[in-house]
1. Ignoring ligands, DNA and RNA, please state the percent of accessible area on the stretch 123-173 from carbon and sulfur, probe 1.4 Å.
2. Around PHE270, with a cut-off of 15 angstrom between Cβ atoms, what is the net charge of the other residues, counting Lys and Arg +1 and Asp and Glu -1?
3. Using a Förster radius of 45 Å, what is the FRET efficiency between ALA167 and PHE27 based on their Cβ-Cβ separation? Nearest 0.05, please.
4. If I stretch the segment between VAL80 and GLN19 completely, what's the gain in nm (0.36 nm per residue apart, minus their alpha carbon distance), one decimal?
5. What is the percent of Cα-Cα separations in the stretch 59-149 that go past 21 Å?
6. Taking the Cα of TYR35, stepping 7 Å toward and past its beta carbon, and measuring to each backbone N in the stretch 187-230: which are under 14 Å?
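The values are calculated or read from the model by the stated rules, or taken from the named source; none is laboratory data. Please read all numbers here as calculations on a predicted model, not as lab measurements. For neighbour counting, all protein chains shown are included, and Cβ atoms are generated from backbone atoms with ideal geometry for every residue, glycine included. Just the protein is used for accessible areas: all its heavy atoms, side chains included, with ligands, DNA and RNA removed. Shrake-Rupley method; radii C 1.70, N 1.55, O 1.52, S 1.80 Å.
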Amino acid sequence: MVVAEPLTNISATAGLYSQIAGVLAGFAFTALLLYLNRTPDTPEQVKEVDPSQADEATRVHRQVTVVLFNTLGALIICAVQYGVLAGGPPDSGNSLSGTMLNGPAFSLAILGMFYATALAAAPFGHLAPMLASARILVGAIGPVIAMLLIASAALDIHISGCVARAAASQGTTTVCRTDTEIALDRPYGFALALTALMLLIGVLALTVFRQPTRPAPLWIPKAMAHLIIGAAAITTFGTVFLGTRPVSYLLPSPALFAVLTSAFAILTSFAVMAARSCHHIQDAQPGGAHRDGATPPAVLRPIPSTPA
């Protein structure tokens, strides 16, 4: 007797994900082009008064562009991967497995767009409320939602495997119950435990880095950008591997646990680094300038030329 079925129509889901990734890639491409046309605000008067202002503007410009570019590449890869899955046999095991493998990369690409927006807004003091919301979204809410979606994909794969075994066991009684999937020794229960731990770590990071006294290290945005494109590139190998397997192939339980653990590590690292780097610095510097990018009006005002 089988009393459980997969929760997701994987063919429709993969096609929808492919469309969403394509649309987001268009947005990321447009944002990148617009931002590339924007030069850092470094007038000669500002350089003379406080050279650090010019360096700060250039640093932010580099950080935003590298995150946007890697996010664009990851979204294009995800759109192609989901398109391949949507074009396969309906509700095949390969499609279920591929959707789960692509989940971390697609989630990071979406979070990368919000993170790039927060980086671009960091130098402006009047956008501090938006930055506070961005820190919560990228540092806690977004990764937790992504982990829950990956957990649901693991549940579908595990239930599909149970259904396949029930169909193959002729003359025996096999029961596939969803209420037993919450146990820690099952992929879904293990994923829920990791999700709770991720939420705890994210809230803790947001609290610890609530009011930093120094700007975030320069390596953090670069590391997050490499994490985004790296996760998308790794999923390509997963898709190639699935292409060598039968259409009904489902990831075994050890592989599900490995993917869930990897997704937890990647998303948690992204959340902690975002909590550290998405903030508005307000520590005064000598000469009246501020490291938050907002220099007092007397400093930013052009210096009038003295008549001879």
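1. Values: 1650 of 2310 Å².
Here carbon and sulfur together make up 71 percent of the probe-accessible area.
2. Once positives and negatives cancel, what remains is +3.
3. On the way: r = 43 Å, r/R0 = 0.97.
Efficiency at R0 = 45 Å is approximately 0.55.
4. Between VAL80 and GLN19, full extension yields an extra 21.0 nm.
5. 42
6. Inside the label zone: 221-226, 228-229.
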